[in-house]
C-alpha cells in the first residue's frame, strides 16, 4: 500500500496515531494491544526519514515518541478530551440515576437530555465543587 502525505499531514497523522494508542493502551499496563504499539513504533520510526528526528527516540532497540513530542502539547489535547468525556459520562449517569429513582423510563431521550443539561449547566458554573457523596 502506498499513501502520499505532505509533511504537515504526516505530522498530524503522528498525533492521531499517538492519541489513538494512548486511548487504547494507556490504562492496560501489561495487557496492552501490541499491534497498536507496533504500528505506533513503525510510524514514529519514519520521522528520521522526514526531517522529524526530534520526535522519535530509540530505547532497547525500539522507536518511541520522544520526550519532546510528548511534551509538545499532545497531552493537553488528550486532557481536554478526557475532561469533556468525564463531564458527559457524569452528567448522563447522574441523570439516569435520578430518572431511576423517580421511576422514569431510561428510554425517554427527551427527559434524559433535559436532565443532563441541568448537570452540564452546574458543571460549567462550579465544576465538581458541589458534587457530594454520602458514605
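General remarks:
- Test: residue in the range 104-112 that is assigned to a helix (DSSP H, G or I) and exposed (fewer than 10 other Cβ atoms within 10 Å of the Cβ): yes
- Condition met for residue 129 (modelled with pLDDT of 95 or more, surrounded by fewer than 11 Cβ atoms within 10 Å (Cβ to Cβ) and outside any helix (DSSP H, G or I)): yes
- Residue in the range 44-51 that is within 16 Å of the chain's Cα centre (by Cα) and at pLDDT 95 or above present: no
- Subset tally (residues that are surrounded by fewer than 16 Cβ atoms within 10 Å (Cβ to Cβ) and more than 14 Å from residue 11 (Cβ to Cβ)) for the range 58-77: 10
- So residue 90, is it under 18 Å from the mean Cα position of the chain (by Cα), closer than 30 Å to residue 118 by Cβ and surrounded by 15 or more Cβ atoms within 10 Å (Cβ to Cβ): yes
- Residues of the range 13-37 classified as outside any loop (DSSP other than H, G, I, E, B) and either surrounded by 12 or more Cβ atoms within 10 Å (Cβ to Cβ) or touching a strand residue (DSSP E or B) at 6+ places or on another chain (Cβ under 9 Å) (or both), total: 14
- Output for the range 99-119, where each listed residue is in contact with a helix residue (DSSP H, G or I) (Cβ under 6 Å, 6 or more places away or on another chain) and under 20 Å from residue 132 (Cα atoms): 115, 116, 119
- The condition (being touching a strand residue (DSSP E or B) at 6+ places or on another chain (Cβ under 8 Å), assigned to a helix (DSSP H, G or I) and under 22 Å from residue 76 (Cα atoms)) is satisfied by just one residue among 9, 41: 41.
- Given (1) surrounded by 14 or more Cβ atoms within 10 Å (Cβ to Cβ); (2) not assigned by TED's automatic domain parsing to the domain that holds residue 23, index of the condition residue 55 fails: (2)
The values are calculated or read from the model by the stated rules, or taken from the named source; none is laboratory data. Owing to the predicted nature of the structure, the values given are computational and were not obtained by experimental measurement. Note: ideal-geometry Cβ built from the backbone for every residue, glycine included; neighbour counts use all protein chains shown.
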